[in-house]
Amino acid sequence: MRIIQLLFFLFTLFSCNNKETSVTKDSNPENNSTIEQAQKAEVEAHFYPEKDLEFKFISPEEIDKINKQVLEKNIKMPEDIIKFHRPKNNQSEGNYSYTITRKIDDKLRIELTLVEDGLMDDSVKSRKSIYTMNMKGNKLIVIALKEQYKCYRDRGHEHWSPELCL
């Protein structure tokens, strides 16, 4: 009897842990937007695992413009793509900093983070841009770009946020 109870318990335990969920289109358009939001969140969680931070995602049209310019200029290095798209401000005064860090999670995907602090702007103090790049054939392309901002005092939030400053 104990063996049967144990087997029943194990069967119940394993069947609860192996539930699959599926997403399907609903005939109600309001429900579809919720489904699409859930799908977008799943993709974002895959490409952007930072769970505590929110970002402003740059449009695919803007990313296409960046990739077109990279091809036209024949830019090959990831850091050079960032330096071309967001050049260092050599005219700035004071405590301006321009820092690029690199993270490679596999041989095909590169994530570069550019943090600019002390921007010459009356409201935006800092900007963090995270570029995700991948090889397409023998060319390096930007596949995603997201940003966060910090504002000067009394010009909005003073922490990293996707919200633009006042």
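The values are calculated or read from the model by the stated rules, or taken from the named source; none is laboratory data. Bear in mind the structure is a predicted one, so any value in this text is a computation, not a measurement. Virtual Cβ from ideal backbone geometry, glycine too; neighbours counted across all protein chains shown.
Before we move on, is Glu61 of a type in the set (D, E, K, R), within 28 Å of His159 (Cβ to Cβ), outside any loop (DSSP other than H, G, I, E, B) and under 19 Å from the mean Cα position of the chain (by Cα)?
Numbers: of a type in the set (D, E, K, R): yes; within 28 Å of His159 (Cβ to Cβ): no; outside any loop (DSSP other than H, G, I, E, B): yes; under 19 Å from the mean Cα position of the chain (by Cα): yes.
For Glu61, the condition - of a type in the set (D, E, K, R), within 28 Å of His159 (Cβ to Cβ), outside any loop (DSSP other than H, G, I, E, B) and under 19 Å from the mean Cα position of the chain (by Cα) - is not met.
Do the conditions hold for Gly156, that is, is it in contact (Cβ under 8 Å) with a residue 12 or more places away in the chain, of a type outside the set (D, E, K, R) and on the phi > 0 side of the Ramachandran plot?
When the stated conditions are applied, Gly156 passes them.
Restricting attention to the range 63-93, which residues are exposed (fewer than 13 other Cβ atoms within 10 Å of the Cβ) and within 16 Å of Arg127 (Cβ to Cβ)?
Pro87
This table checks each residue for (1) at pLDDT 50 or above; (2) of a type in the set (Val, Ile, Thr); (3) touching a strand residue (DSSP E or B) at 6+ places or on another chain (Cβ under 6 Å).
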position	(1), (2), (3)
Arg2	yes, no, no
Thr24	no, yes, no
Ala41	yes, no, no
Phe55	yes, no, yes
Lys68	yes, no, no
Glu72	yes, no, no
Tyr98	yes, no, yes
Leu108	yes, no, yes
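Quick one: what pairs do we get from the range 113-130, first residue within 10 Å of Gln148 (Cα to Cα) and of a type in the set (Lys, Arg), second in a loop (DSSP other than H, G, I, E, B) and modelled with pLDDT of 95 or more, C-beta under 7 Å, 6+ apart or different chains?
As it stands, the answer is Lys128/Trp160, since those pairs meet every condition given.
For the structure I just gave you, tell me whether Ser92 is closer than 23 Å to Pro162 by Cβ and either free of Cβ contacts under 8 Å to residues at least 60 places away in the same chain or in a loop (DSSP other than H, G, I, E, B) (or both). Steps first, answer last, please.
Details: closer than 23 Å to Pro162 by Cβ: no; either free of Cβ contacts under 8 Å to residues at least 60 places away in the same chain or in a loop (DSSP other than H, G, I, E, B) (or both): yes.
No.
Which of the residues belonging to the range 131-163 are surrounded by fewer than 14 Cβ atoms within 10 Å (Cβ to Cβ), in a strand (DSSP E or B) and under 20 Å from the mean Cα position of the chain (by Cα)?
Met135, Lys136
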